[in-house]
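Accompanying notes for the structure given below.
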Amino acid sequence: MDFFVQRYPLYLEGAWVTIQLTLGGAALAFVLAMVVGTLGTLQNRFARAVATVYTEVFRGIAALVLLFWTTYSLPQLTGYELDPMFAAILALGLNLGAYGAEVVRASINAVPRAQVEATIALNMTWWRRMRLVVLPQAWAQMLPTFGNQVIELMKATAIVSIVGLTDLTKVAQDFRASAAADTFTVFFAALVLYFLIAQVLILLVRILERRANRRLGRVPEGGGLLALLRPPSIGTTTGGAR
């Protein structure tokens, strides 16, 4: 305990780097997922081909290899050296965005066809149809999976220590190497901080889920903070038509 009290500023600095990587990677992944996932639902063959190539390529490449590529290979090809933080966010975002794109595509396709046909009969434009009818329902459907993927992204940030970024894992490794404390102590402190970050992310996703369901006229079960930390009970609708 004394070790953590004395060293907690360095742990917090590492945790802040981890949080920045998580938020940056998640933001990039979200934009890519929404754009590519939507392209995958269009009738245009070229748009679907672009979406397929992106998802298959970046789902098939390990995040660690992408990190090495953006950090070391890309500067050799372009002549410009990327900031390590930006290179890490780029690698993580490209990798997660490919998985997220499939979630978006599946969620949009899960919206009942009858509702889409009704919007066409009402002469709604494609953008208005997506904004008012399709995406609100698809958003509620995709949020639980998005939440899981953001947690996985947060845990995947541990690989950035390999390219010199001082994240939470790197701080623990440095303490272990310097014999500042035993291995159990230094990594137990990191474990607790990773867990706390994950719980905050889970809480934020639960809040978004509740807001999405309320917009669709669904009243979430229970209330309070504990209810937000609990997953939806079996049989609770999280997407699709009511």
Worksheet entry | Accessible surface of I120 - all protein chains present, 1.4 Å probe, nearest 10 Å² | 90 Å²
Worksheet item: Quick one: Cα centre-to-centre distance for region 97-175 and region 11-51, in angstrom?
Response: 7 Å
Fill in: Between helix 135-156 and the chain: long-axis angle, C-alpha atoms, 0 to 90°, nearest 10
20 degrees
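Can you give me the % of accessible surface on region 2-229 that is carbon or sulfur? Probe 1.4 Å, all protein chains present, nothing else counted. If you can, show how the numbers build up before the last one.
Working: 8070 of 12460 Å².
In region 2-229, the share of accessible area belonging to carbon and sulfur is 65 percent.
Using heavy-atom solvent-accessible surface (probe 1.4 Å) with all chains present, what is the largest-first order of V35, V104? Provide the component values of the computation, followed by the final result.
On the way: V35 80, V104 0 Å².
So, going from the largest accessible area down, we get V35, V104.
Excluding ligands, DNA and RNA, what is the solvent-accessible area per residue of region 1-89 at a probe of 1.4 Å, expressed in Å²? Could you put the intermediate results ahead of the total?
Numbers: 5410 Å² over 89 residues.
Ligands and nucleic acids excluded, the figure is 61 Å² per residue.
Highest mean first, what order results for 73-79, 56-62 on Cβ atoms within 10 Å?
Values: 73-79: 10.6, 56-62: 13.0.
The most tightly packed comes first, giving 56-62, 73-79.
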Worksheet, complete the sentence: The helix 168-177 Cα axis meets the longest alpha-carbon principal axis of the chain at an angle in degrees, between 0 and 90 and rounded to 10, of 20 degrees
Worksheet item: For all pairs of alpha-carbon atoms in the chain, what percent lies in each bin of width 5 Å, listed from the first bin to the last filled one?
Response: 1, 6, 12, 14, 15, 14, 13, 10, 7, 4, 3, 1, 1, 0, 0
Worksheet, complete the sentence: Rounded to the nearest 10 Å², the accessible area of D182 using a 1.4 Å probe with every protein chain kept is 80 Å²
Worksheet entry | Cα coordinate range in region 1-107, projected on the principal axes (Å, largest first) | 61, 37, 18
Fill in: Separation of the L77 and E56 label points, Cα + 7 Å toward Cβ, nm
1.9 nm
Item to complete: Can you tell me the 0 to 90 degree angle between the C-alpha axis of helix 2-39 and the longest principal axis of the chain, rounded to 10?
Response: 30 degrees
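The values are calculated or read from the model by the stated rules, or taken from the named source; none is laboratory data. This structure is a prediction, so every number in the text was calculated from the model and none was measured. All Cβ positions, glycine included, derive from the backbone under ideal geometry; neighbour counts span all protein chains shown. Remember, those area values only see protein heavy atoms, side chains included, never the ligands or the DNA or RNA. Shrake-Rupley method; radii C 1.70, N 1.55, O 1.52, S 1.80 Å.
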